[in-house]
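Before any comments, here is the structure.
The values are calculated or read from the model by the stated rules, or taken from the named source; none is laboratory data. The shown structure was predicted, so the numbers you read here are calculated from the model rather than taken from an experiment. Cβ coordinates were reconstructed from backbone atoms using ideal geometry, including for glycine residues, and neighbour counts include every protein chain displayed. To get the accessible areas, we keep the full protein, side chains included, count just its heavy atoms, and leave off ligands, DNA and RNA. Shrake-Rupley method; radii C 1.70, N 1.55, O 1.52, S 1.80 Å.
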Amino acid sequence: MAGEKRIGILTSGGDCAGLNAAIRAVVFRAAELGWTVIGIKEGTMGLLSRPLQYEVLRPEDYTGNVLRQGGTILGTTNKGNPFAFPMADGSIKDRSEEIIGGCRELGLDALIGIGGDGSFAILRKLAQQGGINLVGIPKTIDNDVGLTEVAVGFDTAVAVATEALDRLQPTAASHARVMVLEVMGRDAGHIALHAGIAGGADVILIPELTYSIEGIAAKISRVRQDGRNFALVVVSEAVKTLEGSARQKEYHGGEKRFGGIGDYLSEKIAGATNAETRVTVLGHVQRGSMPTWRDRLVASAFGVHAVDLIRDGKYDRMVAWSNRQVIDVPIEKAIKEYQQVQISDPLVTTAKGLGIYLGD
Ligand code: F6P
C-alpha cells in the first residue's frame, strides 16, 4: 500500500495502568492507515538482544481484554541505560549503537516510546544519534512529566490511594487511631495531594512543602476538639525527615527506592499526640490495577494522536493533555519542565481551604 509504514512501539520505565490501552490505540489507528506495528519487548532491552525481541502487533489480538488490563503486555525496564550499560563483569559500556542497529534491522520508519521523563531523555538521545523518528507518549503514576496535565497511569494511582483512605477511615474511627498512608510519587506530591483531598485526609505531606510535628499535632488536636476520634494522614514517599533526609530502602543489587517515611512519622505523631498510630505503605498496588475510565480515555487519545503525528511527519514530539484536548509539544521541553506541585497549584489552595494541614 502506498505510504505504508512500519512503526515500533515500546514501554519504558516503571509500569502503570493504561499502558495496554495506549498500545491498543496505536495498533488500531495504525491498522486504519494500513501500517505495521512492531512491539518491542522490555523497552530498549528488546533492541539490545540478539536476536531482537519483538512481535508484530495485530488489531485482531486486541479486541478482547487488553483495554482493561493493567501492566504492559510488552514488558518494560527501568534499568540499563544504554549509554552507560552495566555489564556482567562490572564494567560500564556504551551500547547505544546496538539499539540503533536494532531499529535499522527492524526497518522502522518511526518509534513510539511510552515513558516518563527519564526514558524520554534516553530515547531522545538515541533518536538524535541514530536518526530515529521518535514520538513520545507520557506515562507515570507520579504525573511529573512537564507540559501535560496528565500522564497515563496517574488517575488510576490516585483512585487506588483514595480507595485506601476510604478503607482506612472506618477502621481508624473504630479504634480511635491516627492512620498514616504512605504513597508513591517520587519527588512530586501529586498522588498524595489529589488522593488526600478526595479521601478526606486531615494532613497531607508532600516533598515540595516543609512541615513540623508541632503543626501536625496541632491539627490532630483541633480534630479531637471538634469531637472526632481519628485522623487520616497521607505522606508522599520522598518527604524528608525533620533531620532533612529522604528515607530510602536498598534492594538486591544496590537499587535504592524511597520508603520508610510513614513509619518515621507514625512514631513522631504518636509521641507528640499520644495517639495510637498505624502505617499503611501502599506501594506497587498503585501501579498494578485495571486502568480507570479516565486513564483508558487519555491513553486511547494519546495513542491515536501519536500515530497521526507520524502520518504528518512530526517527530521529536510528545503527545500531551491540555484544556480538554490532546496536543503535542517538543519532547525536549517536556523533559526540562519537570512538574512538581507548585505552591500556586489550585489544589494547594483547595486543601488549605478545607483546613487540611499541608505544612507551615
Ligand atoms: O516512578 C514510578 C514509581 O512507582 C515511583 O512512584 C516509585 O518511587 C518508583 O517508581 C518505584 O520503583 P520500582 O518499581 O523500581 O520499585
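Points to keep in mind about this one:
- With every protein chain in place, region 156-287: carbon and sulfur % of accessible area (1.4 Å): 46 percent
- Dipole of the chain, positive direction: furthest Cα of Pro346, Gly90, His175, with charges on the beta-carbon: His175
- Ordering of 312-319, 144-151 by packing [mean C-beta count within 10 Å, highest first]: 144-151, 312-319
- Estimated Rh, region 175-250: Kirkwood, alpha-carbon pairs, angstrom: 12.9 Å
- Simple label model, 7 Å out from Cα along Cβ direction - Thr171 to Arg278, nm: 0.4 nm
- Region 106-181: C-alpha gyration tensor shape, a/c 1.5 cut-off, then a/b vs b/c: prolate
- When you restrict to C-alpha pairs under 8 Å that are six or more residues apart and normalise by the size of the chain, the relative contact order lands at 22 percent.
- Take every pair of alpha-carbon atoms less than 8 Å apart whose residues are at least six positions apart; their mean separation over the length of region 90-236 yields a relative contact order of 20 percent.
- With N as its number of residues, region 119-234 has a Cα radius of gyration that, divided by 2.2 N^0.38 Å, comes to 1.40.
- Computed over protein heavy atoms with a 1.4 Å probe, the accessible surface of the chain works out to 44 Å² per residue.
- In plain terms, the chain from Ser49 to Ser344 could stretch by 101.6 nm, reckoned as 0.36 nm per residue minus the Cα-Cα distance.
- Long pairs among Lys249/Lys352; Lys79/Lys139; Lys79/Lys125; Lys41/Lys79; Lys139/Lys333, criterion Cα-Cα beyond 21 Å: Lys249/Lys352
- Per residue, the convex hull spanned by the alpha carbons of region 156-287 comes to 102 Å³.
- Share of alpha-carbon pairs per 20 Å distance bin for the chain, given as whole %: 30, 51, 19, 1
- With only Cα atoms counted, region 1-65 has Rg and Dmax values of 12.4, 37 Å.
- Amide H to amide H distances under 5 Å link Val152 with Lys139, Thr140, where only residues 5 or more positions off or on other chains count and H is placed in the peptide plane.
- Placed amide H near Leu111: partners under 5 Å, 5+ positions off or other chain: Gly8, Asn133, Leu134, Val135
- Cα gyration tensor category, rounded, prolate or oblate, for region 219-276 with a/c compared to 1.5: prolate
- Taking every alpha-carbon pair under 8 Å whose residues sit at least 6 apart, region 156-287 reaches a relative contact order of 33 percent.
- The string of couplings for region 270-276 from the Karplus curve (6.51, -1.76, 1.60, θ = phi - 60°) is 4, x, 7, 10, 6, 7, 7 Hz, one whole number per residue in order, with x for Gly and Pro.
- Column: log10 I(q)/I(0), Debye, Cα scatterers of region 1-139, q = 0.12, 0.14, 0.20 Å⁻¹: -0.44, -0.60, -1.21
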